[in-house]
Amino acid sequence: MGEGREKADRTDLSGRAVLLTGGGAGIGRAIALTLAEHGAHVAIVDRARDRIDAVIEEIAATKGSAVGVTVDITDESSINSAVAAVAKGGAGIDVLINCAGIYDELKSAHGTPTDLWRRVFAVNLDAAFMLIRAVLPYMQKAASGSIINIASVSGIRGGSGGAAYTASKHGLIGLTRSVAWSYAQEGIRCNALCPGAIGDTRIMDDTALDPVNAARCMPVMSLAGEPGRPSSIADAALFLASDQSSFVNGVVLPVDGGWSAG
């Protein structure tokens with residue numbers, strides 16, 4: 001077998017079931033399309049049915065395989081029911097991608113209401129924890145699995161998000177490393193991607209940013225250059241989901257065009 005063919009085969013996800021949150025738009029949509037293109041059966045979890053259906057139609061148009069589940073990922077019972085349904089339909093869950101996330105209006109600690117703090121943590125961190133906990137028994141039974149958490153450069157920096165968003169993404173990275181270490185001997189990997197400035201996403205739609213913090217952050221964020229594309233994150237997710245990354249575990253990978261290196 002030639003070298004080129006061998007490399008191509010290592011991104012083949014045929015027969016693998018992927019559960020993806022936030023798959024209805026932006027980065028999640030790009031991940032869904034990319035993994036389906038490489039043979040995965042993708043279960044798209046999103047709060048908006050219309051967005052789910054639109055992505056499923058795109059995948060079907062390219063002869064890919066996908067289903068949709070409308071779930072409130074902040075509700076534990078709904079998560080457990082959704083995971084059980086997806087696992088039963090696909091005979092397991094091979095890849096979990098926690099992509100759903102919300103922003104915090106770039107508010108500093110003193111200006112962050114408790115309800116906003118709790119809402120951001122509920123979506124960005126608590127949901128990821130509950131989903132990981134729910135899929136682990138299926139991965140343990142299979143003695144394999146890849147968990148990919150979509151964190152942020154805010155998880156490795158202090159000034160590209162507000163207090164709640166930054167803290168939640170730091171927490172997600174801590175969770176990633178803990179899971180990676182705890183389950184490595186069972187064949188389960190857990191890694192995090194840290195997107196930088198990415199265009200064509202919905203995370204800050206209809207979000208009124210704190211004007212003082214925005215004035216401080218935007219000049220720094222602009223140093224990253226042109227925003228990246230959701231497809232750049234999707235390509236990195238494909239790598240972590242596939243056999244190409246079989247010895248990659250506990251990695252926190254910035255995908256930010258070099259922004260975090262400066």
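Just one of the listed residues (S246, S154) is hydroxyl-bearing (S, T, Y), modelled with pLDDT of 70 or more and in contact with a helix residue (DSSP H, G or I) (Cβ under 9 Å, 6 or more places away or on another chain), namely S154. Taking the numbered list (1) farther than 19 Å from N149 by Cβ; (2) at pLDDT 95 or above; (3) touching a helix residue (DSSP H, G or I) at 6+ places or on another chain (Cβ under 7 Å) in turn, A54 passes all entries but (3). Identify the residue in the range 79-100 that is open to solvent by 30 Å² or more (accessible area, probe 1.4 Å) and assigned to a loop (DSSP other than H, G, I, E, B) and, among all such residues, is farthest from G39 (Cα to Cα). By that ranking, first place goes to A91. Considering the range 26-73, and only residues there that are assigned to a loop (DSSP other than H, G, I, E, B) and of a type in the set (A, V, I, L, M), the residue that is farthest from V95 (Cα to Cα) turns out to be A48. Just to be sure, is R49 surrounded by fewer than 14 Cβ atoms within 10 Å (Cβ to Cβ), within 29 Å of A164 (Cβ to Cβ) and in contact (Cβ under 8 Å) with a residue 12 or more places away in the chain? It is true that R49 is surrounded by fewer than 14 Cβ atoms within 10 Å (Cβ to Cβ), within 29 Å of A164 (Cβ to Cβ) and in contact (Cβ under 8 Å) with a residue 12 or more places away in the chain. Working only within the range 166-201, note down all residues that are assigned to a helix (DSSP H, G or I), under 21 Å from Q140 (Cβ atoms) and of a type in the set (V, I, T). Once the filter is applied, which keeps residues that are assigned to a helix (DSSP H, G or I), under 21 Å from Q140 (Cβ atoms) and of a type in the set (V, I, T), the range 166-201 yields T176, V179. The condition (being open to solvent by 60 Å² or more (accessible area, probe 1.4 Å), closer than 25 Å to V252 by Cβ and among the hydrophobic types (A, V, I, L, M, F, W, C)) is satisfied by just one residue among A128, A134, A109: A109.
For the range 208-230, the tally of residues that are open to solvent by 40 Å² or more (accessible area, probe 1.4 Å) and either at pLDDT 80 or above or among the polar types (S, T, N, Q) (or both) stands at 2. Scanning the range 145-165 for residues that are free of Cβ contacts under 8 Å to residues at least 60 places away in the same chain and more than 13 Å from the chain's Cα centre (by Cα) gives G145, S154, G158, G161, G162, A163.
Going through (1) touching a residue at least 60 places away in the same chain (Cβ under 8 Å); (2) hydrophobic (A, V, I, L, M, F, W, C); (3) surrounded by fewer than 24 Cβ atoms within 10 Å (Cβ to Cβ) one by one, I188 falls short only on (1).
The combined condition, being under 20 Å from the mean Cα position of the chain (by Cα), open to solvent by less than 30 Å² (accessible area, probe 1.4 Å) and on the phi > 0 side of the Ramachandran plot, is not fulfilled by G68.
The values are calculated or read from the model by the stated rules, or taken from the named source; none is laboratory data. Remember, predicted model here, so these are calculated numbers, not experimental data. In this analysis, Cβ positions are derived from the backbone assuming ideal geometry, glycine residues included, and neighbour counts consider all displayed protein chains. The accessibility values were calculated without ligands, DNA or RNA, using every heavy atom of the protein model including side chains. Shrake-Rupley method; radii C 1.70, N 1.55, O 1.52, S 1.80 Å.
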